[in-house]
Amino acid sequence: MSPLIEINDPAMAGPNTILIDARAGKDTHDRYLAGHLKNAAYVDLDRDLAAPVTNAAIGGRHPLPNINDFAAFLGKLGISPDSHVIVYDDKAAAFGGARFWWMLKAIGHQNVQVLNGGLQAATDAGIELSTEEYTPNPVAPYPVPAGYTGTVVIEEVGTAAHNPERIVIDVRETPRYLGQTEPLDLIAGHIPGAYNLPYITNLDVDGKYLPAEALRKIYDETIGDVAHEDIIVHCGSGVTACHTLLGMEYAGITGPKLYVGSWSEWSRRDLPIGTITR
């Protein structure tokens, strides 16, 4: 199954489809009530797709929730292993959309897609939005594995960034990577040895993912001959990195790992800081 789905695909309204509106930022619930796809359940990135932050130096600003808590939450949304989950946000999947997709994949759920272009694609297509809160029909907690797959810890990232047979990709905006600005974390810069490939590179002017062939060319120029399972992707807090992981899967690159703690963890651990591109 493609990780992306278009707004005009009949599966958007399939009998087993569960729509998820996964926004982030301020006043997300108010924005959801102002207009969302009909029958889309509201999910909040900070509250539902991340654990409470007690110490950003351990896990970053968006640590993964306890897997059993996530299982219970999926049950409340009515999601079972047979569900076809379609998720979107209002930031071209760069916030909760791709993060929710990645989390489901990380527990083994394969039947999940992200709406290409997000909520904007729906409004551009003339889809009438709903202002009524949708209440899902709950089911039993999702049968999850012992933990999330496809992640790496901080120690592995530091080693991989200096291993020519591996690659660490930082998808934040280039000024943040260069250390010229840092609006969210305490220190500006990047993990020494990491390459910069901003997530915005994944998108066309309409806020949709580039064609798979174009994405593959962009990624291959950075990845080179590195085996796909030896790729590590990170961002500021493990959210927008999922946007590029989705793009990679769409382009046929399977196996890259997510560094969940990302820069928000690394920059708080008194570790080396890079400010010069390589």
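Structure above, values below:
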quantity	calculated
Full-extension gain in nm, Asp82 to Ile58, via 0.36 nm per residue minus C-alpha separation	5.2 nm
Principal-axis tilt of helix 67-76 within the chain, Cα atoms, nearest 10 degrees	20
Between 0 and 90°, nearest 10: helix 212-223 axis offset from the chain longest Cα axis	20
Whole-number percent relative contact order across region 80-192, with pairs defined as alpha carbons under 8 Å at least 6 apart	20
Between helix 96-106 and the chain: long-axis angle, C-alpha atoms, 0 to 90°, nearest 10	80
Residue among Ile18, Met103, Asn68 farthest towards the positive dipole end of region 4-124, charges placed on Cβ	Asn68
Rel. contact order, % - alpha carbon contacts under 8 angstrom, at least six apart, the chain	23
15 Å beta-carbon shell around Asp270, net charge (K/R +1, D/E -1)	-1
At q = 0.10, 0.12, 0.15 Å⁻¹, base-10 log of I(q)/I(0) for region 4-124 (Debye sum, equal scatterers on each alpha carbon)	-0.28, -0.41, -0.64
Where labels lie 7 Å past Cα in the beta-carbon direction, separation of Thr159 and Thr254 in nm	2.7
Dipole-positive endmost among Tyr177, His234, Ala194 within region 174-248 (Cβ charges, Cα centre)	Tyr177
Ascending count of other beta-carbon atoms within 10 Å, so fewest first, for Arg61, Arg269, Arg31, Arg99	Arg269, Arg31, Arg61, Arg99
Charged-residue dipole, Cβ positions (Lys, Arg, Asp, Glu), region 154-266 about Cα centre, Debye nearest 20	180
Fluctuation leader among Leu104, Leu119, Leu178 - the chain, Gaussian network, Cα springs under 10 angstrom	Leu178
Cα-centred dipole magnitude for region 4-124, charges only on beta-carbon of K, R (+1) and D, E (-1), debye, nearest 20	240
The chain, dipole about Cα centre (Lys/Arg Cβ +1, Asp/Glu Cβ -1), debye to the nearest 20	380
When each of Lys76/Lys105; Lys26/Lys257; Lys105/Lys217; Lys76/Lys208; Lys91/Lys257 is checked by Cα-Cα distance, pairs over 20 Å	Lys26/Lys257; Lys105/Lys217; Lys76/Lys208; Lys91/Lys257
Net charge over other residues, Cβ less than 15 angstrom from the Cβ of Asp230 (K, R count +1; D, E count -1)	-3
Per-residue [θ]222 nm for the chain (sum of -39500 (n - 2.57) over DSSP H runs n ≥ 4, rounded to 500)	-7500 deg cm²/dmol
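Any read-out appearing in this document is the output of simple, stated calculations on the displayed coordinates, not a laboratory observation. None of these values were measured; they are calculated from a predicted model. Glycine also receives a Cβ, built like all others from the backbone with ideal geometry; neighbour counts cover every protein chain displayed.
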